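The values are calculated or read from the model by the stated rules, or taken from the named source; none is laboratory data. Everything numeric in this text was worked out from a predicted model, so none of it was measured. Please note: Cβ atoms are built from the backbone with ideal geometry, for glycine as well, and neighbour counts cover all protein chains shown. Side chains included, ligands, DNA and RNA excluded: accessible areas come from the protein's heavy atoms. Shrake-Rupley method; radii C 1.70, N 1.55, O 1.52, S 1.80 Å.
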Amino acid sequence: MRVTIACPEALIGDANQLALCLGLGPEDAMTYGDPVWQDGTGALYAVASAMVSNGFVAAAASPLPVPPWGADMAAAARAQAAIAIWQGEDAMPWAAPDRLAAVIGTDPQVALAVLGLTQVEQAA
């Protein structure tokens, strides 16, 4: 299944620590990169979209394991507490500066519409 997650700029560091706990290796520390997406108010987000196992949602809500490659577990816990999964009937846009807004099981372009995000225009 696919999951697309909008990470507010202020949570990028914490969310990358959570990605270390849920991911496959130390490279997961770079899951959320530059905040090049914005909502209607101009708040910035990093977005990650990937195919994940069917157990991903349960793992993201369970006690976090300390990965062999290490992670800041306090930061990972803060990010975990900020996860909010869109349920289909929830209000849109789903992205908000206080949560890791997740959309599960849909095309990434549809997920971006649900999240209410557009790419930041780059200066020429």
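Some points to look at:
- Positions within region 1-34 being in a loop (DSSP other than H, G, I, E, B) and over 14 Å from Arg99 (Cβ atoms), in sequence order: Met1, Gly23, Leu24, Gly25, Thr31, Gly33, Asp34
- Selected residue [under 15 Å from the mean Cα position of the chain (by Cα), open to solvent by less than 70 Å² (accessible area, probe 1.4 Å) and in contact (Cβ under 8 Å) with a residue 40 or more places away in the chain] from Ala84, Ala111, Ala71, Ala59: Ala111
- Region 98-107, residues that are surrounded by 15 or more Cβ atoms within 10 Å (Cβ to Cβ) and either closer than 17 Å to Val52 by Cβ or in contact with a His (Cβ under 6 Å, 6 or more places away or on another chain) (or both): Leu100, Ala101, Ala102, Val103, Ile104, Thr106
- Met92 meets each of the listed conditions (1) in contact (Cβ under 8 Å) with a residue 40 or more places away in the chain; (2) in contact with a Gly (Cβ under 7 Å, 6 or more places away or on another chain); (3) within 16 Å of Thr4 (Cα to Cα); (4) open to solvent by 40 Å² or more (accessible area, probe 1.4 Å) apart from (1).
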